[in-house]
Amino acid sequence: MKVIGVTGGVGAGKSTVLRYLEERYRARVIQADQTGHEVMEPEEEAYGRVVAEFGGQILSADGRIDRGVLSGIVFADGEKLKKLNAIVHPAVKKEILKRIAQAAAENEAYTVVEAALFFEEKYDAFCDETWYIYTHEAERRRRLKRSRGYSDERIDQIVRNQKSHEELLKRCDCVIDNNGTAEDTCRQIDKRMRD
């Protein structure tokens, strides 16, 4: 089984690439962000520690962690973001490794691991290759405002906490340029999968 790591800046279109890999190549897709949400559910590994660190103010009426409230707290304060990552990322990594092992046991041909903080959390250690999904920052900002309703300030906070374009170029095995049409992007993916 081949394990492909996928990273890129917020709003780069990673989800589009993942969907194509899943549909066209039947890849098993594991998203670190989604896994992070799952490990913060009540009764899951990170829930108790996150609530203990950030308090009851982050809980919704049903006792679940309100991710909007929590992200508002941590993206406004770099130290709080570090504390959250120190709790959540080890639990996420453990769960991802479990899912990769399960995919291998089920004879999957490809597993794709996507993470915005890919290198920061050393996900490259268990991937065979890493892809950088590249989209110009202006386009990423436009997408985030349109699809998620993010303000410039919120986007600035997120961008500050991610690796630079130059560093991602240096550290990734492959760049998928997602500035053109969906067809252009898919052609690049097909070429890489053939190589």
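Modelled label positions at R143 and D77, each set 7 Å beyond Cα in the direction of Cβ, lie 3.1 nm from each other. Just the number, please: carbon plus sulfur as a percent of the accessible area of the chain, 1.4 Å probe, no ligands or DNA/RNA counted. Solvent-exposed carbon and sulfur of the chain make up 46 percent of the total.
For region 156-195, the solvent-accessible area of protein heavy atoms averages 63 Å² per residue (probe radius 1.4 Å; ligands and nucleic acids excluded). Put a dot 7 Å past the Cα of R64, heading toward its Cβ, do the same for S15, and the two dots end up 1.7 nm apart. A helix-only calculation puts the chain at -16500 deg cm²/dmol for mean residue ellipticity at 222 nm, using -39500 (n - 2.57) for each DSSP H run of at least four residues, averaged over all residues. Residues of the chain were split at every exposed loop site, defined as trypsin sites (Lys or Arg not before Pro) in a DSSP loop with at most 15 other C-beta atoms within 10 angstrom, and the longest piece left, sites excluded, is 123-195. This model, with +1 at the C-beta of Lys and Arg and -1 at the C-beta of Asp and Glu, gives region 62-195 a dipole about its Cα centre of some 400 debye. Length available on full extension from A105 to V159: 0.36 nm per residue minus the Cα-Cα distance, which gives 15.7 nm. Taken per residue, the accessible surface of region 1-147 reaches 50 Å², heavy atoms only and a 1.4 Å probe. Using only the Cα atoms of region 48-115, build the gyration tensor, take square roots of its eigenvalues as a ≥ b ≥ c, and label the shape rounded, prolate or oblate: rounded if a/c is under 1.5, else prolate if a/b is larger than b/c, else oblate. Verdict is prolate for region 48-115. Using a cut-off of 23 Å between Cα atoms, the listed pairs K2/K163; K80/K170; K2/K93; K98/K163 include K2/K163; K80/K170; K98/K163 as exceeding that distance. Between E38 and V175, how high is the FRET efficiency from 1/(1 + (r/R0)^6) when r is the Cβ-Cβ distance and R₀ = 35 Å? Nearest 0.05. E(calc), rounded to 0.05, equals 0.75.
The values are calculated or read from the model by the stated rules, or taken from the named source; none is laboratory data. None of these values were measured; they are calculated from a predicted model. FYI the Cβ positions are ideal-geometry reconstructions off the backbone, even for glycines, and counts take in every protein chain you see. Just so you know, the surface numbers come from the protein's heavy atoms only, side chains and all, with ligands and any DNA or RNA stripped out. Shrake-Rupley method; radii C 1.70, N 1.55, O 1.52, S 1.80 Å.
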